[in-house]
């Protein structure tokens, strides 16, 4: 049962709230049912009331703004999230058109729609996603969601946060409307990369062994699948390259097992695993997703540019996306400021397209081709100029010159 709302709870031993639930045993598996949650209790219903709030974005999803004067809020509006339940005032700034932004956000961008027209949409290639709990019956993916389980997942998440991250991850990689690979089958595990605890100096203790368990569960399921339905890519965003985190070595061992099966791992560990780093791109809400000049580095750029400049980095779209929502099985919401993890989902989807066209594709060759064929994008931040490499899916798919394994 899915628990919704903003209830207050007393955590006397948070371990009691964790559970693992499999969808079957032996060679039987399927999809656990998880329903939507429309309760938005606890949300700030007047996000413009606090005059001291200087942030340039707001989460306006599900909020009634029908009597709010937004005439001088254009900069904030163009940088905010919203959904079909947002109630707008009759008069909006002329340059802010929610319906248009919503539609533009469904386009994965950078030529993906052209590949779809050529019948390249990931059919026969399965994608595994490890992330938060999702609405399993959402129309964006329910027909292709072949597997859903929960490993070490806390019911408290449904009380403390509204969710939506997992639905967005699927939408971007393989959603019907806004996905890069909308015909790929989806295998999904919800897990928590740690444990909430009142017995430590921090309220949350990371332990990547749970992500490792999820990876190994994916591998066990993959052994049961026929050759033409195998999982070819796993995407997750929980981990980061920090050997000091508990369970880090265990996760690396699990990923090594996946690599030996030829599975591509799209994750924050791509630099350690393959020598290439994946980074994220922002896009103005009303700008053309297929036009390279519409993009700029996301808010994560300072992190990526602060490290060594010789790191091979591939940038992929992450922001201004219309994705499946947790509020209902046919609901969507627009996320202006995406997550770095959304770029990982985008790349996972591109890999599925590439594998459909060339079943000899390897993770190493894919990333080398993606880097070599990337489009150069000029960036200026303060007094520094950069040239970054933005992924070009059409060139990856059509490139035949780099067939040898690297």
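Any read-out appearing in this document is the output of simple, stated calculations on the displayed coordinates, not a laboratory observation. What you see is a predicted model; the values in this text were computed from it and never measured. So basically every Cβ, Gly included, is an ideal-geometry build from the backbone, and we count neighbours across all protein chains shown.
Odds and ends about this structure:
- Descending by average beta-carbon neighbour count within 10 Å, the peptides 208-218, 57-67, 377-387, 343-353 line up as 343-353, 208-218, 57-67, 377-387, the highest first.
- Bins of 5 Å from zero: percent of alpha-carbon pairs in segment 61-143: 3, 10, 15, 18, 14, 13, 12, 9, 5, 1, 0
- Hydrodynamic radius of segment 312-403 per Kirkwood, over alpha carbon pairs, in Å: 14.9
- Cβ-derived FRET efficiency at R0 35 Å, residue 329 paired with residue 272, nearest 0.05: 0.40
- Packing-based order for 93-100, 260-267, 233-240, using average beta carbon neighbours within 10 Å, highest first: 233-240, 260-267, 93-100
- More than 11 Å apart - percent of Cα-Cα pairs taken over segment 61-106: 68
- Stokes-Einstein D in µm²/s, Kirkwood radius over Cα pairs - segment 81-232 at 20 °C with 1.002 mPa s viscosity: 121
- Take each peptide in 290-297, 133-140, count the other Cβ atoms within 10 Å of every residue, and average; sorted highest first, the result is 133-140, 290-297.
- Among 361, 224, 196, 169, sorting on how many other beta-carbon atoms sit within 10 Å of each Cβ, with the fewest leading, yields 224, 196, 361, 169.
- Alpha-carbon spread of segment 161-294, three principal axes, descending order, Å: 49, 40, 32
- Segment residue 288-residue 66, extension gain: residue separation times 0.36 nm, minus the distance between their alpha carbons: 77.1 nm
- Segment residue 84-residue 244, length gained on full extension (0.36 nm per residue, minus Cα span): 53.3 nm
- Note on residue 19 and residue 114: with the Förster distance fixed at 51 Å, the Cβ-Cβ geometry gives a FRET efficiency of about 0.70.
- A Förster distance of 35 Å, applied to the separation of the beta-carbon atoms of residue 205 and residue 229, puts the FRET efficiency at 0.40.
- In nm, spacing of pseudo-spin labels at residue 220 and residue 123 (7 Å Cα→C-beta vector): 3.3
- Take the Kirkwood radius over Cα pairs of segment 231-293, plug it into Stokes-Einstein at 37 °C and 0.692 mPa s, and you get 240 µm²/s for translational diffusion.
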